[in-house]
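Since the structure comes first, as structure tokens, the remarks are kept for the end.
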Amino acid sequence: MPRLILFNKPYGVLSHFTDEAGHPGLAHYLKIPDVQVAGRLDRDSEGLLLLTDHGPWQHRIAHPDFKQYKRYWAQVEGVPFGVDLQALRDGVELNDGRTAPALVERLDEPELWPRDPPIRYRAQIPTAWIELSIREGRNRQVRRMTAAVGLPTLRLIRISIGPVALDGLAPGEYRELEEAQVCALWPELAQVRHLKPRAAKPAKPRPKTKPKREQRPRRSRG
């Protein structure tokens, strides 16, 4: 039976199981065999990370062709005006091309767990929160988008992927959804729940070449 794990990734934790350059991997929090991450999250970002042991689910969640909305709460430096939010909604020009339209709104400061280490406080520079939902998956996309409109991101938390959300998970905690729950919440995954990952086709053995027979010289007649 396919498994889907919801994990609240803390700040500074990597989106794979092994430690790297002094930063902890997921193995410090998850002791579940045979699951893989479906859609990565940057080390300095927090929030929802999905893991599954089902290849088709992993592909459906992570691949940009399926355009799953990923919703983020971003604390930005500065005060966003209507023109800034509209620019994000319309798409902004980045060094790897223009972004697709996003869903963006101002957000009252949410009640969240404290970050470790905390965001640097500067009395002279105001901060604000925005909610931003995108369907793309470019590298550090939300941070680059807010920076492009003059609002550098200070803290970034992924709240939901598709219809599944953190819903009270504390940093470092996880919960598993039963297959029936997944299929009720996420009909697109229900459509592929019985598919098996494609096995690699074995290479065809090359036909053995028979050694050429030496031709005997023909006897001349006469």
Checklist entry - Got a sec? Which of A170, A123, A147 is assigned by TED's automatic domain parsing to the domain that holds V92 and farther than 29 Å from V92 by Cα? => result A123
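Residue by residue, here is whether (1) more than 20 Å from T127 (Cα to Cα); (2) touching a strand residue (DSSP E or B) at 6+ places or on another chain (Cβ under 6 Å) holds:
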{"site": "L6", "(1), (2)": "yes, yes"}
{"site": "S15", "(1), (2)": "yes, yes"}
{"site": "A21", "(1), (2)": "yes, no"}
{"site": "W57", "(1), (2)": "yes, no"}
{"site": "G82", "(1), (2)": "no, no"}
{"site": "G97", "(1), (2)": "yes, no"}
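Inside region 163-188, can you point out the residues that are farther than 20 Å from W113 by Cα and out of contact with any Pro (no Cβ under 8 Å at 6 or more places or on another chain)?
So in region 163-188, the residues farther than 20 Å from W113 by Cα come out as 163, 176-188.
Matches in region 163-188: P163, E176, L177, E178, A180, Q181, C183, A184, P187, E188.
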Checklist outcome for this item: region 49-151: strands (runs of 3 or more DSSP E) wholly inside it with 2 or more residues that are in contact (Cβ under 8 Å) with a residue 60 or more places away in the chain, crowded, with 20+ Cβ neighbours inside 10 Å and in contact with a helix residue (DSSP H, G or I) (Cβ under 6 Å, 6 or more places away or on another chain) are 70-77
Next on the checklist: Can you tell me which condition V182 does not meet? The list is (1) touching a strand residue (DSSP E or B) at 6+ places or on another chain (Cβ under 8 Å); (2) assigned to a helix (DSSP H, G or I); (3) of a type in the set (A, V, I, L, M); (4) modelled with pLDDT of 95 or more, and all the others hold.
Outcome noted: (4)
Item to check | Residue match in region 4-26 (condition: within 18 Å of the chain's Cα centre (by Cα), assigned to a helix (DSSP H, G or I) and either among the hydroxyl-bearing types (S, T, Y) or modelled with pLDDT of 95 or more (or both)) | outcome: yes
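The values are calculated or read from the model by the stated rules, or taken from the named source; none is laboratory data. Quantities reported herein were computed from a predicted structural model and do not represent experimental measurements. FYI the Cβ positions are ideal-geometry reconstructions off the backbone, even for glycines, and counts take in every protein chain you see.
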